[in-house]
Amino acid sequence: MSQFNVNDISRYRTQLMGIATLLVIFGHSVGNGVVMPRWMESLCGLASVGVDIFLLVSGLGLWYSLKSIDNEANSWGVKCWYIRRYRRVLVPYFIIAGIGNILAVMRGRTIAEAVLNISTISYWLEHKGAWYIAMLIPLYAITPVHDAICKKIKNPVYYTLVIVIIIVGISSLHFECPNVGLAQFIENVRHVLVHLPAFFIGFMLAPMAKEEKCISFLWMIVVPLFLVIMMKYLHFGYWPGFLVFSFVPLLCRLFCYSGKTFMNILSFFGKISLESYLFNGIVGSWIIVYLPWIYESPVNKGCYLHYALVIIVGTALAYWVNRFCEKALKKN
């Protein structure tokens with residue numbers, strides 16, 4: 001009971017992704033106008049923890065996927081890895097973002113704005129579009145390099161901790177920038193950086209998961225809480241992302257005692273996590289534009305009906321796109 005088997009992160013990977021998906025859906029509710037008590041609004045910050053669960057699990061998964069190419073010819077193996085990774089993310093992204101931008105162009109968005117949006121450049125410049133995809137593109141690019149460095153140094157754990165400390169230090173810097181555009185770019189970079197520790201720590205934990213090593217629950221739960229409190233006290237900012245290292249072991253223990261139906265529901269949402277995130281960000285605007293009578297209806301008081309439709313329609317479309325992409329990618 002007092003030990004957490006790190007391999008549980010791999011064992012319950014899909015269910016953890018499902019929890020992360022549900023946290024993001026809940027977190028986006030306020031942005032869609034849903035009225036709720038103040039204490040519930042504050043809990044919407046858990047969407048940030050959902051993103052960090054995604055990245056923790058992704059870091060672990062990418063280590064395993066890179067491990068699978070070790071026996072292949074090095075250059076060709078890495079090329080194949082890049083193709084597989086980017087294809088898995090960008091194919092559904094281009095389908096969903098493509099549809100969204102075609103509809104936006106029909107409503108007046110310029111072609112140039114659509115190109116910037118689809119290319120994710122608009123995120124870095126204006127904080128518009130799918131920021132998570134904008135983060136994954138460069139993150140995937142550097143992952144094989146990070147893996148190669150981990151293989152060559154004696155202690156990858158210390159190396160990872162140094163990376164995390166550097167990220168925290170850079171992200172905690174605040175200074176006045178007279179150029180508005182540059183200030184926006186720096187803030188967008190910072191928004192990405194605060195989530196990266198989860199990815200690098202997930203990558204670091206992967207070899208431990210493979211060897212089924214155990215870590216004390218006390219370390220996994222108390223230390224992250226202590227870090228969040230100390231970093232806030234020392235004016236490094238509020239870093240709720242570190243709570244993911246307390247949250248994930250507790251979730252894995254919960255999964256050990258959960259029923260099949262509950263686990264299947266989480267698995268469903270975990271499998272469509274990427275597509276669900278993408279649709280959740282645009283279906284709300286579609287309903288407002290194309291079904292304004294629903295949004296303006298008295299029945300939609302508090303935007304509950306509106307966001308219920310966002311969840312239902314977004315989930316259905318996410319499932320369809322996920323199935324389509326799976327079948328299309330299997331043929332290649």
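Key figures
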| read-out | value |
| --- | --- |
| Single residue of Ile221, Ile201 found to be within 16 Å of Ile53 (Cβ to Cβ), at pLDDT below 85, open to solvent by less than 60 Å² (accessible area, probe 1.4 Å) and out of contact with any strand residue (DSSP E or B) (no Cβ under 8 Å at 6 or more places or on another chain) | Ile221 |
| Check on Ile118, open to solvent by 40 Å² or more (accessible area, probe 1.4 Å) and touching a helix residue (DSSP H, G or I) at 6+ places or on another chain (Cβ under 6 Å) | yes |
| All positions within segment 167-195 that are in contact with a helix residue (DSSP H, G or I) (Cβ under 8 Å, 6 or more places away or on another chain), of a type in the set (Gly, Ala, Ser) and open to solvent by 30 Å² or more (accessible area, probe 1.4 Å) | Gly181 |
| Residue match in segment 258-273 (condition: out of contact with any strand residue (DSSP E or B) (no Cβ under 6 Å at 6 or more places or on another chain), basic (Lys, Arg), under 22 Å from Val24 (Cβ atoms) and open to solvent by 10 Å² or more (accessible area, probe 1.4 Å)) | yes |
| Leading residue by the ranking (least open to solvent (accessible area, probe 1.4 Å)) among those in segment 311-323 that are within 30 Å of Arg84 (Cβ to Cβ) and free of Cβ contacts under 8 Å to residues at least 24 places away in the same chain | Ala316 |
| Those residues of segment 17-35 which are open to solvent by less than 40 Å² (accessible area, probe 1.4 Å) and without any contact (Cβ under 8 Å) to a residue 40 or more places away in the chain, in sequence order | Leu23, Gly27 |
| Which listed residue, of Ile111, Ile95, Ile99, is over 18 Å from Leu317 (Cβ atoms) and either modelled with pLDDT of 90 or more or open to solvent by less than 30 Å² (accessible area, probe 1.4 Å) (or both) | Ile111 |
| Residues that are surrounded by fewer than 22 Cβ atoms within 10 Å (Cβ to Cβ) and of a type outside the set (A, V, I, L, M, F, W, C), drawn from segment 41-55 | Glu41, Ser42, Gly45, Ser48 |
| All helices (runs of 4 or more DSSP H) inside segment 109-192 with 2 or more residues being among the charged types (D, E, K, R) | 131-152 |
| Residue pairs meeting the criteria (Cβ under 8 Å; at least 6 apart or on separate chains; first under 14 Å from Gly181 (Cβ atoms), in segment 112-126; second in a helix (DSSP H, G or I) and acidic (Asp, Glu)) | Ser122/Glu113 |
| Extreme residue, modelled with the lowest pLDDT, among residues of segment 241-270 that are of a type outside the set (A, V, I, L, M, F, W, C) and over 18 Å from Thr21 (Cβ atoms) | Ser246 |
| Every residue from segment 56-87 that is among the basic types (Lys, Arg) and either loosely packed, with under 15 Cβ neighbours inside 10 Å or modelled with pLDDT of 95 or more (or both) | Lys67, Lys79, Arg84, Arg87 |
| Test: residue in segment 9-16 that is among the aromatic types (Phe, Trp, Tyr) and buried (at least 18 other Cβ atoms within 10 Å of the Cβ) | yes |
| Residue that is farthest from Arg87 (Cα to Cα), among those in segment 283-307 that are without any contact (Cβ under 8 Å) to a residue 40 or more places away in the chain and under 22 Å from the mean Cα position of the chain (by Cα) | Ser285 |
| Residue list for segment 278-310, restricted to those being of a type in the set (A, V, I, L, M), open to solvent by less than 60 Å² (accessible area, probe 1.4 Å) and part of a helix (DSSP H, G or I) | Leu278, Val283, Ile287, Ile294, Ala308, Leu309, Val310 |
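The values are calculated or read from the model by the stated rules, or taken from the named source; none is laboratory data. For clarity, every value in this text was computed on a predicted model and none was experimentally measured. Cβ coordinates were reconstructed from backbone atoms using ideal geometry, including for glycine residues, and neighbour counts include every protein chain displayed. To get the accessible areas, we keep the full protein, side chains included, count just its heavy atoms, and leave off ligands, DNA and RNA. Shrake-Rupley method; radii C 1.70, N 1.55, O 1.52, S 1.80 Å.
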